[in-house]
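Participant: Here it is, the structure, as structure tokens.
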Amino acid sequence: MLNKTSELSLAIISDYCVLQNSVFNGTQVSNISKIFDPSTVSIYGLTGNMFFNDVAFQLAVDAVNNSTTILPHTRIKIRRFTDCGQYSDAKRDNYIGLSGGESVSMAIDLGENYPDIVGILGNQFSTTCKVTAEVLGQYKLPYCSSGSSTPSLSNKSNYPYFFRSFPSVGVGNHISRLLLNWSVRRVVLITQRDDDLGYAFSLDMISAFSRNGIMVVENFQLHSRLAGQLEYVVETINRISGRYLVVAGQQNFNAGIAYRLGKLGIIGSQFVFLSNMTPIPYGDPIKMFGEDFYHYIEGWISMLPVQPNISSTQFQNTFNQFREATGANITIADFNIGLTLQYSYDCVYLLLHGIHHLLNQYPDINIEQIVNQGLANYSLFQNLGYDGLSASPLTLNQFGDSEVAYEALYFTGNMEESFVFGKTSLNATDFIPSINHSTPRFYGGSNTPPPDDAEHPHPPVTVYSLDNYRGRTILLLAVFGIILSLVGVALLAHNRTHRFLRAASVPESIGILCGCVIGYVALLFYLNEPTPTYCMYRVLLNLTAYATITTLFISKSSKLLRLSRLTRRVSQREIDWIVFSTRGMWCLLMLVVIFLIIQWAKASQYNTLLGHMQDGSYLTCQATNSLHVLTTFVVMLFCILICLLPTMALFLKQLQNLHTSYDESLLLIIIFIVTCLIVLLFYTMGTSESSDFNSAVILWLFWSMTQLLYMGPKAIYLVGEAISKQNNSQVQKLLIRVADTQGQTTTQSVGKRSLLSNGRNNWLVKLSETNHWKSGSQQEVLSITSSPSTHSKVRIERSIVHAQLVYRVSTKCWLYCWCFNFLQKWRHGQAEMQISGNQMWFSVYYCLDNIAGIHCMKLSGYGIKLCGNKNKVTIICEAFLLECEFQNCVEAEKFITDFHSAKNISTVLKISESVINTPQ
């Protein structure tokens, strides 16, 4: 395609809304002249930045159109687009990159309606560019920026077609090298929080400071409009003895910080302001701040990319052509420092060199088709062998940014005069002093860097240790939780063959408890002074614990759903395969989850920040690389896990006749709701000296709630069963003792009777093959032949010695009678017969075993013993045992009432007889 004449179009995107006399047709702009008009363009204002960079783009395109080496037979056209709408005086004076939806509309319009455009040249604010570049990336259009410097745009997963002709990520390393060269270990950070460039650069600096052992004693996150915020900043700087003030923000923000803090007293040879941008605002600083503005920027240090070789023939020719074309009387410092026009020239050449390379590589395909195939991503432009104005050769790193060293310069306070006093090596391992100005000149003329005041006594740092109640509380909670979990594991292991526990799946249950143990162990990393490693382990262990627990619940529910869908009788081998495959999938899922969590935690680069309160300070953790590509995958993964909890609960609820020992739907719902509340709470929780303690307590409550709601019913069931077995054993011993005291043995056996039914109640009657005695009078039911207090001999004139009826109440009946038991729907009770002379009475107790514990109430009589027998009411006296089962609450209550009103054993046996002889 290079052998015949053709055309291709490039788009220039900029803030044309600040330039008067521009003509707008939708989002497209025209009537842009190359001639400098001082009535509409201010060299040092926002209009000058926009206008001169636009001219630089145009002149570079003109040079390529006249070139015989780059796209020799191709005519390049330019279309201009505004990212902030049409012109207005308000935008000209106050625009700071907040264009709302206008930048999105422009990007969509460009991508949809201009298919001839094959590349983008941009000079936008970083905040606006983030939106524009992401939208245009969907159209696979290569985008070279000469002005958007936020590190956020270095994320290649979000911006694969975006690249820059200047550096961005890593400036913190170069600032750290300068500070270490001055033996500075203590800085104050001032961040423009509402600007993406300022905030992203602050994260880059914090990460670098942490790696190099430089402590950020305070991080002020300020709004762009500084009014009402600086009094507290001044008071804190003086209180903590801050000396080196590192500023992360736009140039206008830097200028405001220097001037307004200086007015409030933060000025002098003991203070050093340092930034990766200059303190020169867009506009006339005299009109914006006052005639004394330059006085307050004296000694300001800026760390900027190494300036080009301005004495080279290439640079001088370009500079002279630019002045001639525009008619503007700008200096070479204006060209390469104030306006950084070399980056706009280099963007054009990088973009067109890349397109030239593609056309050579694919000669039979036109450029529009090549771009649509996504071949023009940032990697195409990394190493084209181009010798640019800003660097020779100009190469891009893995972030799509120019790879150059940085140089440090200071401002003299004489207008915008500045001098370079040294530069760093490419990898920021060395600082090389300049030959002409080997030392900076700080405020007041000093050439000696002031001390960072590291020896100055500052308020004590609050840490959670055994010396304070918060540290002791965290330790006790963590140890108690670990012990409780290990007890649960031991209980499950010891009773692993129990039918009730096997229904709950012992391996998964042990895994859930192990997940809780991991969560409790994570609490230990809240003790002592937080370090980047401690911060990383907090996140890593808590996420691992949550992933372990939720995936096991999901795995259990999945296994149950698979088994419930079986419509035919299957062999045990098929069931075992379902169980095995479900657990295998869980293992694979956990391997992926843990791998992602570990990689993400390592890449997050956690650091500690020093916060301040009235009578001290505290350390908190902060992630400095939250833009990492793994963040998206980890967040999506945990969102999926959280959403699966209510989904599984819904599926479980739809299963018919699901036994309560398998139904965990309510528990899944509770975990889902509590998880959402905790996420919301953490998101809204402020930073203070107690925030880490509050976080540890909240996490402990979550792990403990999960453990108790899951293991509580199982432990109560096993304890209740043990008590039941013990009571049954006591009853058997009682019957044996009664039989032994008679001194006689039976001569015949009583056979078993069958199940009788009256249509409403089922009576299971067992006439045990036990002993009975012959006697005299059939009318004498019971006689005491010795002292009532000894109960040494009892004679029974009946053939039924042991009649047993099992009594149960259905769930609906249970709700009707006493209370709803959330965990286990059992009623516990026991009645005892008391004998004194010829008088008898009964004491009956019922125990309700529910989520709050065991509650007992006495229903009648004079009780002397409390004993529960699971799932039945037992009436015990000498040689008589009666247990009853009902399916109807009314009948059950009637029987209990009659039973309570009985005054002697004759009445009791009569009641029993009527029950046993109920017709079918």
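Let's see how each residue does on (1) among the aliphatic types (A, V, I, L, M); (2) surrounded by fewer than 18 Cβ atoms within 10 Å (Cβ to Cβ); (3) under 16 Å from Leu709 (Cβ atoms):
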position: Pro507; (1), (2), (3): no, yes, no
position: Ile512; (1), (2), (3): yes, no, yes
position: Val517; (1), (2), (3): yes, no, no
position: Ala522; (1), (2), (3): yes, no, no
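Participant: Take Gly242 and tell me if it is out of contact with any Lys or Arg (no Cβ under 6 Å at 6 or more places or on another chain) and at positive phi.
Facilitator: Numbers: out of contact with any Lys or Arg (no Cβ under 6 Å at 6 or more places or on another chain): yes; at positive phi: no.
Spelling it out, it is not the case that Gly242 is out of contact with any Lys or Arg (no Cβ under 6 Å at 6 or more places or on another chain) and at positive phi.
Participant: It is to be established whether one or more residues within the range 364-380 are crowded, with 17+ Cβ neighbours inside 10 Å and part of a strand (DSSP E or B). Outline the logic, then answer.
Facilitator: Of the residues in the range 364-380, the ones crowded, with 17+ Cβ neighbours inside 10 Å are 367, 370-371, 375-378, 380.
So of that shortlist, the ones also part of a strand (DSSP E or B) come out as none.
No: the range 364-380 contains no residue that is crowded, with 17+ Cβ neighbours inside 10 Å and part of a strand (DSSP E or B).
Participant: Out of all the residues in the range 161-214, which are part of a helix (DSSP H, G or I), of a type in the set (Gly, Ala, Ser) and closer than 19 Å to Ser148 by Cα? Walk me through how you get there before you give the answer.
Facilitator: Keep residues of the range 161-214 that are part of a helix (DSSP H, G or I), which gives 171-181, 196-211.
If we keep only those that are of a type in the set (Gly, Ala, Ser) as well, we get 172, 176, 198, 200, 202, 207-208, 210.
The answer is Gly172, Gly198, Ala200, Ser202.
Participant: Among the residues of the range 230-242, is there at least one that is under 30 Å from Ala333 (Cβ atoms), hydrophobic (A, V, I, L, M, F, W, C) and surrounded by fewer than 23 Cβ atoms within 10 Å (Cβ to Cβ)? Steps first, answer last, please.
Facilitator: Taking the range 230-242 first, the residues under 30 Å from Ala333 (Cβ atoms) are none.
No, the range 230-242 contains no residue that is under 30 Å from Ala333 (Cβ atoms), hydrophobic (A, V, I, L, M, F, W, C) and surrounded by fewer than 23 Cβ atoms within 10 Å (Cβ to Cβ).
Participant: Residue check, Trp703 against (1) at pLDDT below 80; (2) open to solvent by less than 50 Å² (accessible area, probe 1.4 Å); (3) part of a helix (DSSP H, G or I), all met but one. Which one?
Facilitator: (1)
Participant: Just to be sure, is Ile355 touching a strand residue (DSSP E or B) at 6+ places or on another chain (Cβ under 7 Å) and modelled with pLDDT under 85? It would help to see each step written out before you state the result.
Facilitator: Numbers: touching a strand residue (DSSP E or B) at 6+ places or on another chain (Cβ under 7 Å): yes; modelled with pLDDT under 85: no.
Against the criterion (touching a strand residue (DSSP E or B) at 6+ places or on another chain (Cβ under 7 Å) and modelled with pLDDT under 85), Ile355 does not qualify.
Participant: I need a count of the residues in the range 291-326 that are closer than 30 Å to Lys263 by Cα, assigned to a loop (DSSP other than H, G, I, E, B) and either touching a Lys or Arg at 6+ places or on another chain (Cβ under 9 Å) or among the acidic types (Asp, Glu) (or both).
Facilitator: 4
Participant: Might you let me know whether the range 84-100 holds any residue that is under 17 Å from Leu396 (Cα atoms) and surrounded by 19 or more Cβ atoms within 10 Å (Cβ to Cβ)? Break it down stepwise before answering.
Facilitator: The initial filter retains those residues of the range 84-100 that are under 17 Å from Leu396 (Cα atoms), namely none.
Looking for residues that are under 17 Å from Leu396 (Cα atoms) and surrounded by 19 or more Cβ atoms within 10 Å (Cβ to Cβ), one finds none in the range 84-100, hence no.
Participant: Hey, can you tell me all the residues within the range 534-573 that are open to solvent by 60 Å² or more (accessible area, probe 1.4 Å) and either modelled with pLDDT of 85 or more or of a type outside the set (A, V, I, L, M) (or both)? Reasoning before the result, please.
Facilitator: To start, the set of residues in the range 534-573 that are open to solvent by 60 Å² or more (accessible area, probe 1.4 Å) comprises 534, 537, 562, 565-569, 572-573.
Those that are open to solvent by 60 Å² or more (accessible area, probe 1.4 Å) and either modelled with pLDDT of 85 or more or of a type outside the set (A, V, I, L, M) (or both): Tyr534, Tyr537, Arg562, Arg565, Thr567, Arg568, Arg569, Gln572, Arg573.
Participant: Could you please let me know if Ala227 is more than 21 Å from Thr687 (Cβ to Cβ) and surrounded by fewer than 23 Cβ atoms within 10 Å (Cβ to Cβ)? Before the answer, list the steps.
Facilitator: Working: more than 21 Å from Thr687 (Cβ to Cβ): yes; surrounded by fewer than 23 Cβ atoms within 10 Å (Cβ to Cβ): yes.
Taking the combined requirement at face value, the residue satisfies it.
Participant: Determine whether Gln270 is surrounded by 13 or more Cβ atoms within 10 Å (Cβ to Cβ), of a type outside the set (Phe, Trp, Tyr), at pLDDT 90 or above and not in a loop (DSSP other than H, G, I, E, B). If you could, list the steps in order and put the result at the bottom.
Facilitator: Numbers: surrounded by 13 or more Cβ atoms within 10 Å (Cβ to Cβ): yes; of a type outside the set (Phe, Trp, Tyr): yes; at pLDDT 90 or above: yes; not in a loop (DSSP other than H, G, I, E, B): no.
So Gln270 fails the test.
Participant: Continuing with this model, one more query. Restricting to the range 368-381, name every residue that is closer than 27 Å to Glu403 by Cβ and not aromatic (Phe, Trp, Tyr). Show your work before the answer.
Facilitator: To start, the set of residues in the range 368-381 that are closer than 27 Å to Glu403 by Cβ comprises 370-371, 374-381.
Residues satisfying the conditions are Ile370, Val371, Gly374, Leu375, Ala376, Asn377, Ser379, Leu380.
Participant: Mind checking whether some residue in the range 53-68 is touching a residue at least 24 places away in the same chain (Cβ under 8 Å), surrounded by fewer than 16 Cβ atoms within 10 Å (Cβ to Cβ) and either of a type outside the set (Gly, Ala, Ser) or at positive phi (or both)?
Facilitator: No, because not a single residue in the range 53-68 is touching a residue at least 24 places away in the same chain (Cβ under 8 Å), surrounded by fewer than 16 Cβ atoms within 10 Å (Cβ to Cβ) and either of a type outside the set (Gly, Ala, Ser) or at positive phi (or both).
Participant: Output yes when any residue across the range 529-539 is assigned by the TED database to the domain that holds Leu484, of a type in the set (Asp, Glu) and free of Cβ contacts under 8 Å to residues at least 24 places away in the same chain, and no when none is. I'd like the intermediate steps shown before the answer.
Facilitator: Our first condition is that a residue be assigned by the TED database to the domain that holds Leu484; within the range 529-539, this holds for 529-539.
Checking the rest, the ones that are also of a type in the set (Asp, Glu) come to 529.
Next, only the ones that are free of Cβ contacts under 8 Å to residues at least 24 places away in the same chain stay: none.
No, the range 529-539 contains no residue that is assigned by the TED database to the domain that holds Leu484, of a type in the set (Asp, Glu) and free of Cβ contacts under 8 Å to residues at least 24 places away in the same chain.
Participant: May I pose another question? For the range 197-212, does any single residue satisfy the condition of being within 23 Å of His353 (Cα to Cα) and buried (at least 23 other Cβ atoms within 10 Å of the Cβ)?
Facilitator: Going residue by residue through the range 197-212, those that are within 23 Å of His353 (Cα to Cα) are none.
Within the range 197-212 (the criterion being within 23 Å of His353 (Cα to Cα) and buried (at least 23 other Cβ atoms within 10 Å of the Cβ)), the answer is no, since none of the residues qualifies.
Participant: Also: Is there a residue in the range 404-415 that is open to solvent by 40 Å² or more (accessible area, probe 1.4 Å), assigned by the TED database to the domain that holds Gln251 and either assigned to a loop (DSSP other than H, G, I, E, B) or not hydrophobic (A, V, I, L, M, F, W, C) (or both)? It would help to see each step written out before you state the result.
Facilitator: Going through the range 404-415, the residues open to solvent by 40 Å² or more (accessible area, probe 1.4 Å) turn out to be 414-415.
So of that shortlist, the ones also assigned by the TED database to the domain that holds Gln251 come out as 414-415.
Subset that is either assigned to a loop (DSSP other than H, G, I, E, B) or not hydrophobic (A, V, I, L, M, F, W, C) (or both): 414-415.
Yes, some residue in the range 404-415 is open to solvent by 40 Å² or more (accessible area, probe 1.4 Å), assigned by the TED database to the domain that holds Gln251 and either assigned to a loop (DSSP other than H, G, I, E, B) or not hydrophobic (A, V, I, L, M, F, W, C) (or both).
Participant: Considering Asn94, Asn31, which residue is assigned by the TED database to the domain that holds Gly122, within 24 Å of Gln250 (Cβ to Cβ) and modelled with pLDDT under 90? Outline the logic, then answer.
Facilitator: Working: Asn31 fails: within 24 Å of Gln250 (Cβ to Cβ).
Of the residues listed, the single one that is assigned by the TED database to the domain that holds Gly122, within 24 Å of Gln250 (Cβ to Cβ) and modelled with pLDDT under 90 is Asn94.
Participant: Has the range 581-592 got any residue that is open to solvent by 40 Å² or more (accessible area, probe 1.4 Å), within 22 Å of the chain's Cα centre (by Cα) and under 30 Å from Phe209 (Cβ atoms)?
Facilitator: no
Participant: Now for a different question. If you take the residues in the range 155-186 that are open to solvent by less than 10 Å² (accessible area, probe 1.4 Å) and touching a Gly at 6+ places or on another chain (Cβ under 8 Å), which one is farthest from Pro308 (Cα to Cα)?
Facilitator: Residue satisfying both the conditions and the ranking: Phe162.
The values are calculated or read from the model by the stated rules, or taken from the named source; none is laboratory data. Computed from a predicted structure; not experimentally measured. Neighbour counts are summed over all protein chains in view; Cβ atoms, including those assigned to glycine, are modelled from backbone coordinates with ideal geometry. Side chains are part of the model used for accessible areas, which takes the heavy atoms of the whole protein and leaves out ligands, DNA and RNA. Shrake-Rupley method; radii C 1.70, N 1.55, O 1.52, S 1.80 Å.
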